[in-house]
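Okay, so here's the structure we're looking at.
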Amino acid sequence: MKQDNLKTDKLYKALQQYPKKRIGLDELKTLCGFSENYRDQILVLAEAGVLQAVKTSGTDGNLQKPLYLRYTIRLEEETPDTEEIYTLHPRLTANGYLLKKPKEYFRHKQFLLCLSKWLSTSVKSTQMSRRERSFEIFGDEKMLDKHVSFLESIAVSGQTLCYYETPDQCFADYIPIRKAEMTLLICENKDIWFNIRRLMYEQGLRVLFGVQIDGVIFGQGNDITGKSKFLSYSHFLGAERVKYLYCGDIDRAGFDIFLRLCKEAEELQISLFVPAYRKMLELAGTRDLPDSDDARNLLPDMTEVLPMFKVQEQQQIMRILQERKRLPQEILSFPILMDHMSR
């Protein structure tokens, strides 16, 4: 059977979209939708020369209709007329990629036709996540995920399709009013985050230790330092300018988290919330502190941190670190926070 006669075959169409030259039997079953007659579908294409068995891969053991475990895909290359490409929405051909590489049009034809139809019929669309938009356009929430690099090739962005990337990590936050410019406080631990959130929500307090804050974020300990996690969250806010203040434990792990966060998200404006640390040191005084539960024998580089504090405070901080003690931020209890917050 000639390949021209197979153009309506579902498996053949699926193979046209397949990105590799070789395909495994399990992947072929998936493209067949795990239908009961998947063997016949595969054998028809094998007979037509579309699928060429990789005989060294062996068979699946079926005696009546054996299938090989791997096949090479051999499709006849089809070059569409330029006129056909010009029927797409202008946004899809704007950068000339498809006109220079018409075979890419054929390879992604169904995808492009659906996209073109949506672009032509959608009126000022409301923003939604990429997977939500993908389901709206294609009836498949993962279709846009599969074509990210191709969309980049034809210069179609999330802005073009009016979708946003859902952050890898959605940190718990409380930001009463989102503004173009904001100051947000990151708290390493849950209790202090909850208490500040509570005072902001219940009493409308916005000034902490003399500093105006617009919201509070729970950093979830080490979670915030995960690769691009906080960067992704920050981009999701969509603000023009955000100043981040960080407040955590005074111990090796606490400063290590802050320093790693600054390195991982160096394009953001993140600084230590010094007034809170000063209050913690004042409250600690000369009391005995608990041992640090950080088992790593790692003393963070405090070169850039210490100059933010007075000499006596620097000495107190280094004593805590060198003796492997821990001054938890929970020393800033609810009553203390309430006494130092105002409108």
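Annotations
- Thr82 vs. criteria surrounded by fewer than 16 Cβ atoms within 10 Å (Cβ to Cβ) and farther than 29 Å from Gln41 by Cβ: yes
- Filter pass, Val148 being loosely packed, with under 15 Cβ neighbours inside 10 Å, at pLDDT 95 or above and at negative phi: no
- Scanning the stretch 109-141 for residues that are buried (at least 17 other Cβ atoms within 10 Å of the Cβ), modelled with pLDDT of 90 or more and farther than 12 Å from Leu161 by Cα turns up Phe111, Leu112.
- Being under 23 Å from Gln16 (Cβ atoms), touching a Lys or Arg at 6+ places or on another chain (Cβ under 8 Å), part of a helix (DSSP H, G or I) and open to solvent by 70 Å² or more (accessible area, probe 1.4 Å) is a description that does not apply to Gln52.
- Among residues of the stretch 246-273 that are under 17 Å from Lys190 (Cβ atoms), those with a beta-carbon under 6 Å from a residue that is small (Gly, Ala, Ser) and in a helix (DSSP H, G or I) at least six positions away or on a different chain give the pairs Cys247/Ala276; Gly248/Gly254.
- Single condition Tyr174 does not satisfy, out of (1) modelled with pLDDT under 90; (2) over 30 Å from Cys114 (Cα atoms); (3) touching a helix residue (DSSP H, G or I) at 6+ places or on another chain (Cβ under 8 Å): (1)
- When Glu165 is tested against (1) among the charged types (D, E, K, R); (2) out of contact with any Gly (no Cβ under 6 Å at 6 or more places or on another chain); (3) surrounded by 15 or more Cβ atoms within 10 Å (Cβ to Cβ), exactly one condition is not met: (3).
- The single condition among (1) closer than 27 Å to Gly215 by Cβ; (2) in contact with a Ser or Thr (Cβ under 8 Å, 6 or more places away or on another chain) that Ile331 does not meet is (2).
- Residue in the stretch 214-233 that is more than 15 Å from the chain's Cα centre (by Cα), touching a residue at least 60 places away in the same chain (Cβ under 8 Å) and buried (at least 16 other Cβ atoms within 10 Å of the Cβ) present: no
- Residue that is charged (D, E, K, R), at pLDDT 95 or above and open to solvent by 30 Å² or more (accessible area, probe 1.4 Å), where the choices are Arg278, Arg296, Arg324: Arg278
- Complete set of residues in the stretch 255-267 that are open to solvent by less than 30 Å² (accessible area, probe 1.4 Å), of a type outside the set (Val, Ile, Thr) and under 25 Å from the mean Cα position of the chain (by Cα): Asp256, Phe258, Leu261, Ala265
- Residue in the stretch 281-292 that is among the aliphatic types (A, V, I, L, M), open to solvent by 30 Å² or more (accessible area, probe 1.4 Å) and in contact with an Asp or Glu (Cβ under 9 Å, 6 or more places away or on another chain) present: yes
- Extreme residue, modelled with the highest pLDDT, among residues of the stretch 78-108 that are closer than 21 Å to Pro19 by Cβ and among the acidic types (Asp, Glu): Glu104
The values are calculated or read from the model by the stated rules, or taken from the named source; none is laboratory data. Nothing here was measured: the structure is a model prediction, and the numbers come from that model. All Cβ positions, even for glycine, are placed from backbone atoms using ideal geometry, and neighbour counts span all protein chains on display. Heads up: the accessible areas ignore ligands, DNA and RNA and are worked out on the full protein's heavy atoms, side chains in. Shrake-Rupley method; radii C 1.70, N 1.55, O 1.52, S 1.80 Å.
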